[in-house]
Amino acid sequence: MKVAIASDHGGINIREELKSLLEELGIEYKDFGCDCSTSVDYPDYALPVAKKVADGEFDRGILICGTGIGMSIAANKVKGIRCALVHDVYSARLTRQHNDTNMIAMGERVIGAGLAREIAQTWLTTEFEAGRHANRIGKITEYEKSEQ
Ligand code: RB5
């Protein structure tokens, strides 16, 4: 599995924590920034990472900002992306089992690094259940295809 990770200025600490986790798990990753101490715009990070995941260059993407909301909104604009805003371990598990999410967003002003690590580990190691859930995701994919 290859993972792309990025944050804005509001998510740098969790991004660093999750890079340590990825190293511990032996998962290949690339850090797409930000290299910032000043304020940046989260779409400048969410959109390129989402595009790389949608294009298959990376299998999964992890985004962190202050709330995770802006990152998740931006990522979900890219066709083929299913990005979940997750701040608890239960949702992290279910969004893999039921939604087959290929991206996750978290907010550093909402949760601490310890919980973010557990969420990411759960999300990275949980399989999609397919079955009836694949049918539901198929309906989203069909809708995307029907859009201009
Ligand atoms: C930046 O101040 C903040 O708006 C951003 O990190 C994020 O929370 C947006 O959704």
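Every number in this text was worked out from the coordinates using simple rules, so none of it is lab data. Predicted model only: the values in this text are computed from it and were never measured. Virtual Cβ from ideal backbone geometry, glycine too; neighbours counted across all protein chains shown.
Say R0 is 30 Å: what FRET efficiency, to the nearest 0.05, do R109 and E142 get from their beta-carbon distance? So the FRET efficiency works out to roughly 0.25.
If I take R0 = 25 Å and measure r between the Cβ atoms of E24 and D44 in this structure, what FRET efficiency does the formula 1/(1 + (r/R0)^6) give, to the nearest 0.05? Let's see the in-between values first.
Details: r = 29 Å, r/R0 = 1.15.
Computed FRET efficiency for E24 and D44 comes out at 0.30.
Just how many pairs of Lys in the chain have C-alpha atoms closer than 24 Å, counting pairs that are eight or more places apart or on different chains? For the chain, qualifying lysine pairs total 25. All C-alpha pair distances within the range 1-121, sorted into 5 Å bins from zero, spread as 2, 13, 25, 27, 23, 8, 1, 0 percent across the bins.
Can I get the semi-axes of the range 51-115's equivalent ellipsoid? Compute them from the C-alpha gyration tensor as square roots of 5 times the eigenvalues, in angstrom, largest first. Walk me through the numbers before you get to the answer.
Working: eigenvalues 73, 39, 18 Å².
They are 19, 14, 9 Å, listed largest first.
May I ask for the net charge around A50, where only other residues with Cβ less than 10 Å from the Cβ of A50 are counted and Lys, Arg are +1 while Asp, Glu are -1?
On the way: positive: K51, K52, K77, K79; negative: D55.
Local charge sum for A50: +3.
Can you give the translational diffusion coefficient of the range 71-148 in µm²/s, computed by Stokes-Einstein from the Kirkwood radius over Cα pairs at 4 °C and 1.567 mPa s? Intermediate values should be presented prior to the final figure.
Working: Rh = 13.2 Å.
D, rounded to a whole number, is 99 µm²/s.
Annotation: extensible slack from A130 through S37 equals 29.3 nm (criterion: 0.36 nm per residue apart, minus Cα-Cα distance).
Cβ screening of the chain for cysteine pairs under 4.7 Å finds these without a partner: C65, C83. Under a 5 Å amide H cut-off, with hydrogens placed 1.01 Å from N, A84 pairs with M103, I104, A105 among residues at least 5 apart or on other chains.
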